[in-house]
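The values are calculated or read from the model by the stated rules, or taken from the named source; none is laboratory data. For clarity, every value in this text was computed on a predicted model and none was experimentally measured. Positions of Cβ are generated from backbone atoms using ideal geometry, with glycine treated the same way; all protein chains shown enter the neighbour counts. These accessible areas exclude ligands, DNA and RNA; they are computed on the full protein's heavy atoms, side chains included. Shrake-Rupley method; radii C 1.70, N 1.55, O 1.52, S 1.80 Å.
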Amino acid sequence: MACLNQTAPSIFILAGFPYQQELKIPLVSFFSIMFLLTLSGNSLIILMVITDLQLHKPMYWFLCHLSILDMAFSAVVVPKIIAGFNPGGKVISFLGCVTQVFFFHFLGCSESLLYTLMAYDRFLAICKPLHYGNIMSWRTCLIFSLGTLIGGSLQSTFQTFLTFHLPYGQKNYIDYVFCDIPAMLKLTCVDIKLNEMMMFIDVGLVAMTCFLLILASYVYIIMAILRISSHEGRHRTFSTCTAHLTVVVIYYLPVVYHYLRPASQDSMDGVVSMFYTTVTPLLNPLIYTLRNKEMKTARLKLWGRNPE
């Protein structure tokens, strides 16, 4: 094909977030506030976990890890979306696009693995309490956390290579709000069925597998909770688990919807991607702290108030 001999574009033009001109300032303000709240909320969780000895437990170690990933996940996408409200901000270099795709999928895959690990942690704590301390040692927690990062980097490296080794010809307009694999594949001038199949398997089904493993863990957890004789004990245990399960649902459903349909031309895809890249990282601190008694106590201590 003729495009095989053409040089790939040095820059790409992002479509950006669709809006009417009179909504520019409100939308820029909205995304800026969302980004700042995401950073501050997740930073607060990290600070509480580090400073409060009562939170030095595997569950909160993983929550701290999740907060770091959430901040990075949001930072990869949201600043470029904000910049895209100005014409010059829609331009992104080829290397910048490669970098955004890599870190987007690295962080996304790492979060998927971490959510699965957090479900396993709750499964052990509730269903295998006598063995929990021996299994979830600090050394094990560290190994598991590093494993999520290694798994994310391997998956992202593989997908990024498959995407950007393709010839791109002279097309450089990305009909999307940021650089992502489905949008980039539409710019190539060769058959992409293999790439779409690999993305379906590697991204969509990995996310679906993690989601199903989490649901399986919670089937056992719910069965164990129902066997607790104390009403207060059931309520306390269930409230701790519902926070994680809520976060899992609002994260995974948009991801599965988007990546199990790689050839989709649906205009809703951009809106869906905004949800798990912008809304979910903001909601996580709220969901995990509002109903968690230990987090409430730590927050009061941090603010210099005596918990009741």
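Counting only heavy atoms of the protein chains and using a 1.4 Å probe, residue 120 has close to 90 Å² of accessible surface. As a calculated quantity, the FRET efficiency between residue 32 and residue 228 at R0 = 35 Å, using C-beta atoms, amounts to about 0.20.
Between residue 174 and 13, 14, 15, the built amide H atoms are under 5 Å apart, and every one of these is 5 or more places off in sequence or on another chain. Considering helices alone, the calculated mean residue ellipticity of the chain at 222 nm is -23000 deg cm²/dmol, with DSSP H runs of length four and up weighted by -39500 (n - 2.57) and normalised per residue.
Here the Karplus curve 6.51 cos²θ - 1.76 cosθ + 1.60, taken at θ = phi - 60°, turns the phi angles of the range 279-288 into couplings of 7, 4, x, 6, 6, 3, x, 5, 5, 7 Hz, with x standing for Gly and Pro.
Rolled with a 1.4 Å probe across the full set of protein chains, the surface gives residue 138 an accessible area near 130 Å².
Separation of the alpha carbons by more than 30 angstrom is noted, of 57/80; 128/293; 80/296; 80/301; 24/296; 171/193, for 57/80; 80/296; 80/301; 24/296.
Neighbours of residue 210, meaning other residues whose beta-carbon lies under 13 angstrom from its beta-carbon, give a summed charge of -2 when Lys and Arg score +1 and Asp and Glu score -1.
Between residue 301 and residue 40, the FRET efficiency from the beta-carbon distance, with R0 = 25 Å, is close to 0.85.
For the chain, what does the accessible surface come to per residue with a 1.4 Å probe? Please give it in Å².
On a per-residue basis, 49 Å².
As a fraction of the 1.4 Å probe accessible area of the range 131-235, surface on carbon and sulfur atoms comes out at 70 percent.
With R₀ set to 25 Å, the beta-carbon distance separating residue 197 from residue 220 gives a calculated FRET efficiency near 0.15.
Spacing of the modelled spin labels on residue 19 and residue 134, each 7 Å from Cα toward Cβ, amounts to 5.7 nm. Estimated at 0.36 nm per residue, the fully extended path between residue 190 and residue 213 surpasses their Cα-Cα distance by 4.7 nm.
The label point for residue 56 and the one for residue 153, both projected 7 Å from the Cα toward the Cβ, are 2.8 nm apart.
The candidates 56, 105, 165, arranged from most to least accessible area with a 1.4 Å probe in the full protein assembly, appear as 165, 56, 105. Rounded to whole numbers, the Karplus 3J(HN,Hα) couplings from phi for the range 16-32 are x, 7, x, 7, 8, 4, 5, 9, 4, 5, x, 5, 4, 5, 4, 5, 5 Hz, using 6.51 cos²θ - 1.76 cosθ + 1.60 with θ = phi - 60°, and x at Gly and Pro.
Using heavy atoms of the protein chains and a probe of 1.4 Å, the accessible area assigned to residue 192 is about 30 Å². The HN-Hα couplings worked out from phi for the range 184-192 by the Karplus form 6.51 cos²θ - 1.76 cosθ + 1.60 (θ = phi - 60°) are 5, 5, 5, 8, 6, 10, 10, 5, 10 Hz, whole numbers, x standing for Gly and Pro. Note on surface exposure: 211, 62 rank 211, 62 by accessible area, highest first, 1.4 Å probe.
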